[in-house]
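Visitor: Dropping the structure in here first, questions after.
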């Protein structure tokens, strides 16, 4: 019997029990490339944490740097105040890619890419906070940090940057057409995928934008994506 | 001194302390029309619940019917198994509408519509489960339920439908251009909004779709949205 070769670099097993994809395990991915690619395509994450025994989920902007997911927020927000204490957290990023229409009700589905990560956030110390905020801006709009006014002392103090290691992250992905049962293939219902697309459109200048300020290149690039 | 007239029907105050929008309270909305409109524009919600003290957040499809948010899932999923026990839950639906570019780093923002709801899910009993599943399909694709094969006994048994009352829901919405400080208005950086659009595109028929099955009208309608 031939030996089954191991995958060379991809982390093919879940990093922990709680991060293992249990429902439809074939859709689970644990390699960094896949996890990073999903995160890099999104803009909003949902962070769950517990507050006095009550689960709370809050949407917020995020960015990825190396094997960390970063968020920022007001030092006064209940989320930042909870996360900075190192409470157990869970973060999800979900990108809807389409609705899947099958011949049976049961096999209707969605195409999507998602990442769920478990762990505890850690505070990015003041010494690295400005660089992190700059990285967030520059990731999306390279060159912009130099054009705008950076945070002043008060704004800097009022902003918290937190990060979560991605070492307990998993991706779950569904792609492709419906998977109907063989005995349903003759049902004369339309079957296929209704793709869901997202993207940036023509920038809308601030009504108070001074005359003569041209649209920067990074915004043209974002719109073309 | 004139008396301030009460708003006729809109719930202008938060229904509970935990559902009051604390950060930038001006963005909070508590009337049903606003909450329903945000929910009706989305397809995926994020549900947070606690499992052995660990917060978990899971993305899933949802639909709204009256003042309830409905989800369905496998009876074997860890989420359905937890929610059916009536554990405290929190659900968020978030629609990204744009990136807001300000003249200062601090006032960069996002335009979005979101809803956060607190409560406990309740099981939709078998007597109403089939009607709920039909409503889900028909909401998105009116007429489809009659074209497809409905759930058989085994599929019906394997599917759980749960619902959450929206009586502790709040919406949070940001719209419009950046709000820079007066002293920053002369900074010559481009300012404005990069709109983020979502929508359905040209349906992709299943490669195994039998010849002669035309695209149904409800899919044409969805694509035009």
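The values are calculated or read from the model by the stated rules, or taken from the named source; none is laboratory data. All of these numbers come straight from a predicted model, not from anything done at the bench. In this analysis, Cβ positions are derived from the backbone assuming ideal geometry, glycine residues included, and neighbour counts consider all displayed protein chains.
Visitor: Checking the conditions here, which among B:153, B:172 is under 27 Å from residue B:122 (Cβ atoms) and surrounded by fewer than 15 Cβ atoms within 10 Å (Cβ to Cβ)?
Guide: Working: B:172 fails: surrounded by fewer than 15 Cβ atoms within 10 Å (Cβ to Cβ).
B:153 is the lone residue from the list that is under 27 Å from residue B:122 (Cβ atoms) and surrounded by fewer than 15 Cβ atoms within 10 Å (Cβ to Cβ).
Visitor: Need the failing condition index for residue B:225 against (1) within 10 Å of chain A (Cβ to nearest Cβ); (2) closer than 24 Å to residue B:71 by Cβ; (3) at pLDDT below 95, just the number.
Guide: In the conditions (1) within 10 Å of chain A (Cβ to nearest Cβ); (2) closer than 24 Å to residue B:71 by Cβ; (3) at pLDDT below 95, residue B:225 misses (1) alone.
Visitor: Taking the condition more than 17 Å from the chain's Cα centre (by Cα), under 23 Å from residue B:76 (Cα atoms) and crowded, with 19+ Cβ neighbours inside 10 Å, does residue B:160 pass?
Guide: Values: more than 17 Å from the chain's Cα centre (by Cα): yes; under 23 Å from residue B:76 (Cα atoms): yes; crowded, with 19+ Cβ neighbours inside 10 Å: yes.
Criteria met by residue B:160.
Visitor: Please indicate, with yes or no, whether at least one residue in region B:160-178 is touching a residue at least 12 places away in the same chain (Cβ under 8 Å) and at the interface with chain A (Cβ under 7 Å from one of its Cβ atoms).
Guide: First pass over region B:160-178, keeping only residues touching a residue at least 12 places away in the same chain (Cβ under 8 Å): B:160-178.
Add one more test, that the residue is at the interface with chain A (Cβ under 7 Å from one of its Cβ atoms), and what stays is B:177-178.
So far as region B:160-178 goes, yes, one or more of its residues are touching a residue at least 12 places away in the same chain (Cβ under 8 Å) and at the interface with chain A (Cβ under 7 Å from one of its Cβ atoms).
Visitor: Then there is this: Give just the number: which of (1) part of a helix (DSSP H, G or I); (2) closer than 30 Å to residue A:42 by Cβ; (3) within 7 Å of chain A (Cβ to nearest Cβ); (4) in contact with a helix residue (DSSP H, G or I) (Cβ under 7 Å, 6 or more places away or on another chain) does residue B:218 not satisfy?
Guide: All conditions are met except number (3).
Visitor: Touching a strand residue (DSSP E or B) at 6+ places or on another chain (Cβ under 6 Å) and part of a strand (DSSP E or B) - does that describe any residue in region B:173-186?
Guide: yes
Visitor: Oh, and also: Could we say that residue B:146 is exposed (fewer than 14 other Cβ atoms within 10 Å of the Cβ), modelled with pLDDT of 95 or more and within 12 Å of another protein chain (Cβ to nearest Cβ) here?
Guide: Working: exposed (fewer than 14 other Cβ atoms within 10 Å of the Cβ): yes; modelled with pLDDT of 95 or more: yes; within 12 Å of another protein chain (Cβ to nearest Cβ): yes.
Yes; evaluated as a whole, the condition is true for this residue.
Visitor: Could you say which residue among B:93, B:35 is within 9 Å of another protein chain (Cβ to nearest Cβ), crowded, with 22+ Cβ neighbours inside 10 Å and over 17 Å from residue A:49 (Cβ atoms)?
Guide: Numbers: B:35 fails: within 9 Å of another protein chain (Cβ to nearest Cβ).
The unique qualifying residue is B:93.
Visitor: So, one more: Out of region B:179-215, which residues are at the interface with chain A (Cβ under 7 Å from one of its Cβ atoms), in contact (Cβ under 8 Å) with a residue 60 or more places away in the chain and surrounded by 18 or more Cβ atoms within 10 Å (Cβ to Cβ)?
Guide: The answer is B:189, B:190, B:191, B:192, B:193, B:194, B:196.
Visitor: Taking region A:75-128 on its own, how many of its residues are more than 30 Å from residue B:146 (Cβ to Cβ) and more than 17 Å from the chain's Cα centre (by Cα)?
Guide: Going residue by residue through region A:75-128, those that are more than 30 Å from residue B:146 (Cβ to Cβ) are A:75-95, A:113-128.
Narrowing the set further to residues that are more than 17 Å from the chain's Cα centre (by Cα) leaves A:75-88, A:122-128.
The total comes to 21.
Visitor: Restricting to region A:55-87, what's the tally of residues that are at the interface with chain B (Cβ under 7 Å from one of its Cβ atoms), surrounded by fewer than 18 Cβ atoms within 10 Å (Cβ to Cβ) and either modelled with pLDDT of 95 or more or touching a helix residue (DSSP H, G or I) at 6+ places or on another chain (Cβ under 6 Å) (or both)?
Guide: 1
Visitor: Something else now. Is there a residue being over 24 Å from residue A:46 (Cβ atoms), within 8 Å of chain A (Cβ to nearest Cβ) and surrounded by 15 or more Cβ atoms within 10 Å (Cβ to Cβ) anywhere in region B:112-133?
Guide: Yes, region B:112-133 has at least one match.
Visitor: Being over 28 Å from residue B:24 (Cα atoms) and either surrounded by 15 or more Cβ atoms within 10 Å (Cβ to Cβ) or modelled with pLDDT of 95 or more (or both): is that true of residue A:42 here?
Guide: Working: over 28 Å from residue B:24 (Cα atoms): no; either surrounded by 15 or more Cβ atoms within 10 Å (Cβ to Cβ) or modelled with pLDDT of 95 or more (or both): yes.
Against the criterion (over 28 Å from residue B:24 (Cα atoms) and either surrounded by 15 or more Cβ atoms within 10 Å (Cβ to Cβ) or modelled with pLDDT of 95 or more (or both)), residue A:42 does not qualify.
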